[in-house]
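Quick note: the coordinates plus some simple rules give every number you see, no bench work behind them. In this text, all values refer to a predicted model and were calculated from it rather than measured experimentally. Virtual Cβ from ideal backbone geometry, glycine too; neighbours counted across all protein chains shown.
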Amino acid sequence: MKKIVIIGGGAAGMKAAISAAYKYKDGGALITVVEKNSRPCRKVMITGKGRCNVTNNCDLDALIQNTPRNPRFLYSAFSAFSPQDTMTFFESVGVPLKTERGNRVFPVSDKAVDIVDALVNTAKAVGVKVINATATAVLTENGAVTGVKLSNGDVLAADSVVIATGGVSYPVTGSTGDGYRIAKTLGHSVSEISGSLVPMECHEGFCTRLSGLTLKNVTLSLFENDKKKPVFCEMGEMLFTHFGISGPLVLSASAYVKSGKNYNVTIDLKPALSIDQLDNRILRDFSELQNKDFQNSLDALLPKSLIPVVVMLSGIEKDKKVNQISREERLKLCEVIKKFPLKITALRPVDEAIITRGGISVKEINPATMESKFIKGLFFAGEVIDVDAFTGGFNLQIAFSTGYLAGQNV
């Protein structure tokens, strides 16, 4: 009987186990998942703010376009197990799904635990054994896998091993870089590790004063080294924090940030209005408040906590009467509102990131099978590989696709 050990019981590991079990449904394999947490899929539980954005209901081209890091490597995996396959799988095991804005797919219940239970229960139903233990090494002989050593000294014999340990983001969920360490001892190289889909730190001190303020239906543009064309521009939701900015828009933008480059952000606080339309709106407000001080004239236009900052950036005296404000001053105010400026100083630490950027080099993995090019019987799946994508369900799809492909080839 073939012995298969999967290190890591997250989305990729559980999918690899289920895929392998389907392949050996005649009982020709003993499949064991080694999971360091008392319960598998801890990280899946917190995805999508606890709702679990399980995939993106899109085609192969869109998947590739939304994977900025080594997308071509994933072509075979995405082709073998598509978002539609993911949706069919979960619905077939009793989890009805729905598609929301941006083709994001969630369980109808809005409960991530339903996705977790589906993976765990399906794995157990098809004969997968899940043990609560920590793997410390993959054992080899003559360039082939022979077993997995556990932290208590036990050894699990194995003909094939899948490393699906995740990255180093959200370490509380068990992603502490174990897979990188094990892979390195086997001769694999690991690219620089950093966070992606992570909040940003800003130079401006006023972010602390704005901490907690959420902005909805704004457009965030990210610029590299003062270039005129943004590398990212999207409408959505964001918020200010004590260190800078966060929220869905910011996390998405962070995926475009490269180390060693300088970036700045502009926020269009009124994307539905052109400069002329905004100026006419301000003129109308001013005409109704002619004897008001400037600082007291923007309540209908902006969130209260944002007004003092906009007033400061506009350069207009805060106690100047609105009927004395010139057209040039109004246009400067419009510019601040349409291009609210922030200078990015750093991304937050990787342990605050949703996913890890970097990992096992894709040059050392066969993209058609997920098998190591160095060690026979060694496979990789999920975030441990040097691939990552934008928000919207794409990263979980990478986990399911690579997990499925690894499971099919063990």
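The label point for Ser259 and the one for His203, both projected 7 Å from the Cα toward the Cβ, are 2.3 nm apart.
Take the chain, mark every one of the GluC sites (Glu not before Pro) that falls in a DSSP loop and has at most 16 other Cβ within 10 Å, then report the longest stretch left between them, sites excluded. Provide the component values of the computation, followed by the final result.
On the way: sites that count: Glu192, Glu317.
Longest site-free region, per DSSP loop and neighbour criteria: 1-191.
Taking the alpha carbon gyration tensor of segment 199-347, multiplying each eigenvalue by 5 and rooting it gives semi-axes of 29, 15, 13 Å, largest first.
With the biggest extent put first, the Cα atoms of segment 10-165 measure 49, 33, 31 Å across the principal axes.
Take the residue pairs Lys43/Lys261; Lys228/Lys339; Lys320/Lys343; Lys111/Lys258; Lys321/Lys343 and return only those whose Cα atoms are more than 23 Å apart. Over 23 Å apart, Cα to Cα: Lys43/Lys261; Lys320/Lys343; Lys111/Lys258; Lys321/Lys343.
Shown here for segment 322-387: chymotrypsin sites (Phe, Trp or Tyr not before Pro) in loop regions (DSSP other than H, G, I, E, B) with at most 15 other Cβ atoms within 10 Å, namely Phe374.
Within the set (1) 24.0; (2) 25.1; (3) 23.1, the number that Kirkwood radius over Cα pairs in Å takes when calculated for this structure is listed as (3). Cross-link partners of Lys98 among aspartates and glutamates, defined as those whose alpha carbon lies under 12 angstrom from its own and excluding same-chain residues fewer than eight positions apart: Asp110. Taking R0 as 22 Å, what's the FRET efficiency between Thr134 and Thr185 from their Cβ-Cβ distance, rounded to 0.05? Between Thr134 and Thr185 the formula returns 0.90. Only lysines eight or more places from Lys373 in sequence, or on another chain, were considered; those with a Cα closer than 28 Å are Lys2, Lys3, Lys15, Lys23, Lys25, Lys36, Lys129, Lys149, Lys184, Lys363. With both labels modelled 7 Å from their Cα along Cα-to-Cβ, the Glu234 to Asn323 distance reads 4.7 nm. Among complete DSSP H helices in the chain, those whose alpha-carbon atoms stretch at least 15 Å along the helix's long axis and whose mean Kyte-Doolittle hydropathy reaches -0.5 are 11-23, 112-125, 394-409. Run the numbers on segment 199-347 and let me know its relative contact order in percent, using alpha-carbon pairs under 8 Å that are six or more apart. Relative contact order of segment 199-347: 30 percent.
Ordering Pro308, Thr391, Thr47 by the projection of their Cα atoms onto the charge dipole of the chain, which places +1 on the Cβ of Lys and Arg and -1 on the Cβ of Asp and Glu, puts Thr47 at the extreme positive end.
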